[in-house]
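This report refers to the structure that appears directly beneath it.
The values are calculated or read from the model by the stated rules, or taken from the named source; none is laboratory data. In this text, all values refer to a predicted model and were calculated from it rather than measured experimentally. So basically every Cβ, Gly included, is an ideal-geometry build from the backbone, and we count neighbours across all protein chains shown.
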Amino acid sequence: MSCFSCFTSNEKKVAKKPNNGQRIQQPAINSPKESAQPVQPRPDNNFNKAKATPQTEPKINKEANKDNGNNNNNIAAQTFTFRELASITKNFRQECLIGEGGFGRVYKGRLEKTNQEVAVKQLDRNGLQGNREFLVEVLMLSLLHHQNLVNLIGYCADGDQRLLVYEYMPLGSLEDHLLDVHPQQKHLDWFIRMKIALDAAKGLEYLHDKANPPVIYRDLKSSNILLDKEFNAKLSDFGLAKLGPTGDKSHVSSRVMGTYGYCAPEYQRTGQLTVKSDVYSFGVVLLELITGRRAIDNTRPTREQNLVTWAYPVFKDPHRYSELADPLLQANFPMRSLHQAVAVAAMCLNEEPSVRPLISDVVTALTFLGTAPGSQDLTGIAPVDLPSPPQEAISSAPFNLLDDDVVMDRQRAVAEAIEWGTNSRNKAPLRDSSTSL
């Protein structure tokens, strides 16, 4: 079985395939300071340094323990052989297939030693998610632990095989229950929708405020929000996550990556990434929950294809907020709760990043919206005092998808993730070498 130092250096360069609308990628917009930097060391060297550094408990794990009351947050990801994962998925048979995307396929399995149900994500070797994104996701989720982040159990890096093993989320993704609803399928009621929104916001709050340095998720969308059997929501797929600005820096410059319809307009235009970029994406997801519509839906009339553009005129007039409600709800929701949710979405979708609320403020605003009837009197709770909705139209200009043959360079993302892991591990207690990454 290969270790990390064995599989990062032999990556073949493959011409990028035309984008199918799943994710958007543009050349990185680097500052002069970035351009002048020397070539980053190979990830395996940095990683080995990280393992050799004296360790104390990471700050992020202290915070996670405090938030979750979980004493197992410091357990490292396990390593699996390809044969083990092939065995638990019945050799990756179609009957075990539970999902498929730009990254590859996801299979359901059960670990033989613990009898735990798991989801095995097999990365497409020719797909959008390459070795470096695989490494970033393993490093990130090995150090980030929160009840609203999907738990990474382990990984496999046998030969050219790249697989990730997660806790199994039996209800699939939010997209499955909100946007891909079958006629006979029960729709999500208002309170479950708001609970999901609150859970997703709490996951982002952990990444932005508890992780040190902060982490920008960069790919928040309905298909990346997974649900357990009680509709508790967890964020998944951290291959595009990036370290946020620190010190006196206001942003980080990055290649534009994400999903069309969810990316913040300033990030699309300039490549400047901040935590407020995630807040915008959250606003799109919240609007999907309110309306039951996709962020981008080419099957609708031209004026309604872009969800944010369609909803913007309604944001200006609170008397029209009820027009945004999903018809499947049949007006079965508290009107005050709807108004509050629309107001929060409008603020998150402001074109000006500085006017968007912090995700911690969003969590406060949404806290009571997911409360089931009878347990709290929604009509007696005053709405959270958020700034007025945006007064300038949100740009509806299409975002250009590149189809050039430039191979994506994710070296910086990996180096940053490893550096972040090194800083955290500097404070972590020594672990048994058999369980650490």
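Once segment 179-218 is narrowed to residues that are charged (D, E, K, R) and assigned to a loop (DSSP other than H, G, I, E, B), the residue that is surrounded by the fewest Cβ atoms within 10 Å (Cβ to Cβ) is K186. Taking the options D189, D180, D176, name whichever one is under 23 Å from the mean Cα position of the chain (by Cα), within 18 Å of L287 (Cβ to Cβ) and not β-branched (V, I, T). Result: D180 is the single residue among D189, D180, D176 that is under 23 Å from the mean Cα position of the chain (by Cα), within 18 Å of L287 (Cβ to Cβ) and not β-branched (V, I, T).
Residue count for segment 333-373, restricted to those that are part of a helix (DSSP H, G or I) and among the polar types (S, T, N, Q): 5. So which residues in segment 253-311 are at negative phi, touching a residue at least 12 places away in the same chain (Cβ under 8 Å), out of contact with any His (no Cβ under 8 Å at 6 or more places or on another chain) and part of a loop (DSSP other than H, G, I, E, B)? The answer is S254, R255, V256, T259, Y260, Y262, C263, A264, R293, R294, A295. Evaluating E100 against the criteria (1) in contact (Cβ under 8 Å) with a residue 40 or more places away in the chain; (2) under 17 Å from K221 (Cβ atoms) leaves one unmet condition, (1). Return the residues of segment 336-355 that are free of Cβ contacts under 8 Å to residues at least 40 places away in the same chain and within 16 Å of W310 (Cβ to Cβ); say none if nothing qualifies. None - no residue of segment 336-355 is free of Cβ contacts under 8 Å to residues at least 40 places away in the same chain and within 16 Å of W310 (Cβ to Cβ), so the list stays empty. The combined condition, being surrounded by fewer than 21 Cβ atoms within 10 Å (Cβ to Cβ) and either part of a strand (DSSP E or B) or not assigned by TED's automatic domain parsing to the domain that holds L227 (or both), is not fulfilled by E137.
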